[in-house]
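What follows is one structure encoded as structure tokens, with my remarks underneath.
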Amino acid sequence: MPAIIRAAPAEVIEMRGTARGERVWFRPHGLAVTAGTTIRFINRDPGNSHTSTAYHPDNFDRTRRIPKAAHPWNSDFLLPDESFEVTLTVPGVYDYYCIPHEMAPMVGRIVVGDPGDAGWEGPSTDTEDVTREVFDALPRVEDILDLGRIEQEDGT
């Protein structure tokens, strides 16, 4: 009898923008997943290129806003309909941004597991490396855990 192969869980986060480019965002911009989930970022904005970049010193010497044991990622620029995948295995809070649109603020937060998990690392409280607007745009961990996902339909 053949072994049963189970696919690892996967989630999609779209990179979106309005037709004239006045607003850009990740959809969802808050997402709760289990450890081992693969996240596929897809650029669905026909008028812009975007990145998905973890806040981490390896990425442009940014302050770390992902768990210490996690591997940082940077998708590089994705043109419309291009995608990038990352698998998140370490429990905790992962904050990421789009390089050219961080100040828009095109940022997002992924929560892997929950605070009861071994090795859990909560969100960074650092406000020196991000503007107040960017910091405030990140959804609250409690809201992400309660709702599972936080959507922005039009970037507002």
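The values are calculated or read from the model by the stated rules, or taken from the named source; none is laboratory data. None of the values given here were measured: they were computed from a predicted structure. Cβ sites come from the backbone with ideal geometry, for glycine too, and all protein chains shown count toward neighbours. All accessible areas refer to the heavy atoms of the entire protein, side chains included, with ligands and DNA or RNA removed. Shrake-Rupley method; radii C 1.70, N 1.55, O 1.52, S 1.80 Å.
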- Message: What do you get for GluC sites (Glu not before Pro) in region 74-156 restricted to DSSP loop and a cutoff of at most 14 other Cβ within 10 Å of the site's Cβ?
- Response: 128, 151, 153
- Please calculate how many Å² of accessible area the chain carries per residue, with a 1.4 Å probe and no DNA, RNA or ligand atoms counted. 53 Å²
- the chain - convex hull of the alpha-carbon atoms, volume per residue in Å³: 131 Å³
- Task: Send over the per residue convex hull volume for region 1-90, Cα only, as a whole number of Å³.
- Result: 127 Å³
- Label residue 35 and residue 71 with points 7 Å out from Cα along Cα→Cβ: what is the distance between them in nm? 1.6 nm
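Averaging sequence separations of C-alpha pairs under 8 Å and six or more residues apart, then dividing by the length of the chain, give the relative contact order as a whole percent. It would help to have the intermediate numbers written out before the result.
On the way: 369 pairs, mean separation 43.7, N = 156.
Computed over the chain, the figure is 28 percent.
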- Take every DSSP beta bridge whose two residues both sit in the chain, then give the antiparallel share in percent to the nearest 5. 70 percent
- Expressed to two decimals, region 68-143 has a Cα Rg over Rh, using the Kirkwood radius, of 0.97
- Protection proxy ranking, peptides 24-35, 61-72, average beta carbon neighbours within 10 Å, highest first: 24-35, 61-72
- Query: Tell me, what HN-Hα J-couplings in whole Hz come from the Karplus equation 6.51 cos²θ - 1.76 cosθ + 1.60 at θ = phi - 60° for each residue of region 9-22, using x for Gly and Pro?
  - Reply: x, 9, 9, 10, 10, 8, 9, 10, x, 6, 4, 9, x, 6
- For the chain, the accessible surface attributable to carbon and sulfur atoms (probe 1.4 angstrom, ligands and nucleic acids excluded) amounts in percent to 50 percent
